[in-house]
1. Just need the relative contact order of the chain here, percent rounded to a whole number, with Cα pairs under 8 Å and 6+ apart.
2. How far, in degrees from 0 to 90, does helix 14-23 lean away from the longest principal axis of the Cα atoms of the chain, to the nearest 10?
3. With Cβ to Cβ distances under 10 Å as the rule, what net charge do the other residues near F16 carry (K, R +1; D, E -1)?
4. Regarding the range 12-73, what's the average projected area of the Cα-atom convex hull, expressed in nm²?
5. Counting only helical runs of four or more DSSP H residues, what would the 222 nm mean residue ellipticity of the chain come to if each run contributes -39,500 (n - 2.57) and the total is spread over all its residues?
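Coordinate-derived values only; no laboratory data. Worth saying up front: this structure is predicted, and the values here are computed from it rather than measured. With ideal geometry, Cβ positions are generated from the backbone for all residues, glycine too; neighbour counts draw on all protein chains shown.
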Amino acid sequence: MLVPSKFTKLEESTIFKMHVILAEKEAGETVAQALAKTRDKFLDTSEFLAAMDVLFFLGYLDIQDETGVIEYA
């Protein structure tokens with residue numbers, strides 16, 4: 001997880017990337033749809049997944065196992 005520091009800009013941090021996901025959330029979207037909407041904000045898919053992991057850990061989202069639909073808190 002990237003955190004802001006004197007070497008890492010806020011815009012490059014995982015915390016900022018989490019905001020990108022939450023700002024563009026839509027009810028009933030899947031992980032693939034969320035990635036497609038925000039792809040230009042991330043360097044690669046692993047950076048997107050790291051932000052999703054932190055959001056899940058903090059309780060801001062949950063993903064349905066059967067459908068892959070994201071449920072936002």
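1. Worked out over the chain, it gives 29 percent.
2. 40 degrees
3. Values: positive: K9, K17, K41; negative: E11, E12.
With Lys, Arg at +1 and Asp, Glu at -1, the neighbours total +1.
4. 3.8 nm²
5. Values: 3 runs with 32 residues, N = 73.
Mean residue ellipticity at 222 nm (helix-derived): -13000 deg cm²/dmol.
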